[in-house]
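The structure appears below as structure tokens.
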Amino acid sequence: MMLNSLKEKGYYIEIIIIIVSIIFLGIYFLKPSFYEIKYVKKAEIVEKNLIELRIALEKYYQIAGHYPELSKDGAADNLRILDYTNKKGILISFADIYGNDSLKPTEDTEKLIRTNKVIDTNDFKNAELNGGWLYDSSGQTGEIHPNLPKNAYFQNIIWTRR
């Protein structure tokens, strides 16, 4: 009777070990899928933010005749500092056109922080690619790109060409 009880305990322990192993294997193999879904969403957010930003820049240009100085100190966090009144006495506000008082950020990864900083450059190929936005403010072209390395969100996107 005692021997059967020990065999039953051993059998139950084996079953528990097998079940726990299956659970851990499932988590191990499913984790990359969750990881990819997370980064697909981040890439979509950056794309959406880029489109909104480009539309606002073009609308601003149509009204003001020039592009805003987004790389000005503090402008990324307070777009209201770019507000001005034109010669006709009309308030021109990039914040109102954009629909936000601050720029939306690029999303973070393990290697990049979530940031909305703007770097003034016309050389988009030789940037640091560490988050935020690359903007040709001094050249007044209105060209803007996410300041992200290729494949930042595992989508094989070259962000400086977006």
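Per-structure values
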| quantity | calculated |
| --- | --- |
| (i) 25.7, 101; (ii) 17.7, 56; (iii) 16.4, 52, with the label sought being that of the calculated Rg and Dmax of the Cα atoms in Å | (i) |
| Cβ-placed point charges (K, R +1; D, E -1), dipole of the range 32-99 about Cα centre in debye, nearest 20 | 120 |
| Neighbourhood charge, 11 Å Cβ-Cβ cut-off, centred on I119 and excluding it, Lys, Arg +1 and Asp, Glu -1 | -3 |
| Protection proxy ranking, peptides 55-64, 15-24, 128-137, average beta carbon neighbours within 10 Å, highest first | 128-137, 55-64, 15-24 |
| Rounded to 10°, Cα long-axis angle of helix 2-64 versus longest principal axis of the chain | 10 |
| The chain, relative contact order in percent, only Cα pairs under 8 angstrom and at least six apart counted | 17 |
| Environment charge of D77, counting only residues whose C-beta is closer than 15 Å and scoring Lys/Arg +1, Asp/Glu -1 | +1 |
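Coordinate-derived values only; no laboratory data. On a predicted model such as this, the values are computed, not experimentally measured, just so you know. Neighbour counts are summed over all protein chains in view; Cβ atoms, including those assigned to glycine, are modelled from backbone coordinates with ideal geometry.
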